[in-house]
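The values are calculated or read from the model by the stated rules, or taken from the named source; none is laboratory data. Worth saying up front: this structure is predicted, and the values here are computed from it rather than measured. Note that each Cβ is placed from the backbone with ideal geometry, even for glycine, and that neighbours are counted across all protein chains shown.
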Amino acid sequence: MRTLFSLVVCAAVLCAAAGCSAPEAPQASYLLGEDGRLIIKAVPPDYTETRVNASGGVTISHITFANPGGPVSALLAAPDNPVAAIVFVPGAGVKVAAHLERAEAYAAAGIAFCVVDPRGNGDETPGYSFDIQRDFTLYQEGKWPQVYRVVTDLIITREMLEKRYGVPVYAMGSSNGGHYTALAVAADPSFAGWSGISTSGYGGAAAQFEGDLRLFILSIDPDTAVGYISPRPVRVYHSIDDMVIPYADGMALFNHAREPKDFIAFNGTHGINTEVDAMVMADVLTF
């Protein structure tokens, strides 16, 4: 297993009175295995919260995480005493506000629902659109690829929810958000399980390359990651009529997962809908 680097470098600070060194702040780091598995060591959550609304036993808050690599925005809807929590990542170009009603519905059912705005998705969190070549260049230069930072953001969000509510925390993502959440759950064994909606892996693209590029692509491929989620549950939801990511690609991702797992075909086209919401809520509340 290969250690690449630590994200945060803390300078030694002399104590004015005693002449001693101050303790270093926590550092985030990642490891890659020879099979391309990505493992993340995240930092403790550091965030500010602004309450937006509170009614019917559900509180809506805007959260800004002070994460390594830049601030990350999120929307949290939570009941007073949730029985579980979900870290949710929307698809490419979909704003967090588009999922407000969804977050409220989950909270009303007893599930704290945190919608994370991933880096570069065109909303509040700074960053660039998903770019494998740019991220690979950063990897080669000994810098953090943005996709690894997004994975770290999700792990930090999981830790915040777990510490705050003391409940199991699941990850769920729609379309491109499914890519990020699969990587996060594989990298962080403290997630309780994963649900991917209208998403897929890279179809063995890494096999076309050698060396560092092959290893890097494996590290960001959901097909690689999903195999490491077991024994936690995997749920893949895909519509037969999906015109963006073919149904067969969703099934291929599912086939890379190990038990326990389920593949559910739903009515619709591409992306999460209320039918999927009802099934996810039932699964999470059952577990």
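Say we look at the range 272-282 and pick out the residues that are hydrophobic (A, V, I, L, M, F, W, C) and in a helix (DSSP H, G or I); which of these is nearest to V94 (Cα to Cα)?
Across the range 272-282, the extreme among qualifying residues is V276.
In the range 231-243, what count of residues is obtained for those that are exposed (fewer than 14 other Cβ atoms within 10 Å of the Cβ) and either more than 20 Å from the chain's Cα centre (by Cα) or on the phi > 0 side of the Ramachandran plot (or both)?
3
So for the range 200-221 (the condition being assigned to a helix (DSSP H, G or I) and touching a strand residue (DSSP E or B) at 6+ places or on another chain (Cβ under 7 Å)), does at least one residue qualify?
So far as the range 200-221 goes, yes, one or more of its residues are assigned to a helix (DSSP H, G or I) and touching a strand residue (DSSP E or B) at 6+ places or on another chain (Cβ under 7 Å).
Keeping to the range 250-271, report how many residues are under 22 Å from A92 (Cβ atoms), surrounded by 15 or more Cβ atoms within 10 Å (Cβ to Cβ) and in contact with a strand residue (DSSP E or B) (Cβ under 8 Å, 6 or more places away or on another chain).
Of the residues in the range 250-271, 7 are under 22 Å from A92 (Cβ atoms), surrounded by 15 or more Cβ atoms within 10 Å (Cβ to Cβ) and in contact with a strand residue (DSSP E or B) (Cβ under 8 Å, 6 or more places away or on another chain).
Looking only at the range 146-196, which residues are in a loop (DSSP other than H, G, I, E, B) and out of contact with any helix residue (DSSP H, G or I) (no Cβ under 6 Å at 6 or more places or on another chain)?
G166, V167, P168, S175, P189, S190, A192, G193
Of these, G203, G211, G193, which one is surrounded by fewer than 19 Cβ atoms within 10 Å (Cβ to Cβ) and in contact with an Asp or Glu (Cβ under 9 Å, 6 or more places away or on another chain)?
It is G203.
Confirm whether A265 is of a type in the set (G, A, S), in a helix (DSSP H, G or I) and at pLDDT 95 or above.
So A265 fails the test.
Out of all the residues in the range 107-145, which are outside any helix (DSSP H, G or I), out of contact with any helix residue (DSSP H, G or I) (no Cβ under 9 Å at 6 or more places or on another chain) and closer than 30 Å to A54 by Cβ?
Matches in the range 107-145: G122, P126.
Could you grab me the full set of residues in the range 76-131 that are of a type in the set (K, R) and within 20 Å of F287 (Cβ to Cβ)?
R102
Counting only residues that are over 24 Å from A85 (Cβ atoms) and in contact with a Ser or Thr (Cβ under 9 Å, 6 or more places away or on another chain), which one in the range 111-130 is surrounded by the most Cβ atoms within 10 Å (Cβ to Cβ)?
Top of the filtered list is G120.
Criterion first (polar (S, T, N, Q), under 18 Å from the mean Cα position of the chain (by Cα) and on the phi > 0 side of the Ramachandran plot) does S198 satisfy it?
yes
I'm checking my understanding of the structure. Among residues of the range 41-72 that are surrounded by 17 or more Cβ atoms within 10 Å (Cβ to Cβ) and out of contact with any strand residue (DSSP E or B) (no Cβ under 6 Å at 6 or more places or on another chain), which one is nearest to P145 (Cα to Cα)?
Filtering the range 41-72 for residues that are surrounded by 17 or more Cβ atoms within 10 Å (Cβ to Cβ) and out of contact with any strand residue (DSSP E or B) (no Cβ under 6 Å at 6 or more places or on another chain), the one nearest to P145 (Cα to Cα) comes out as G69.
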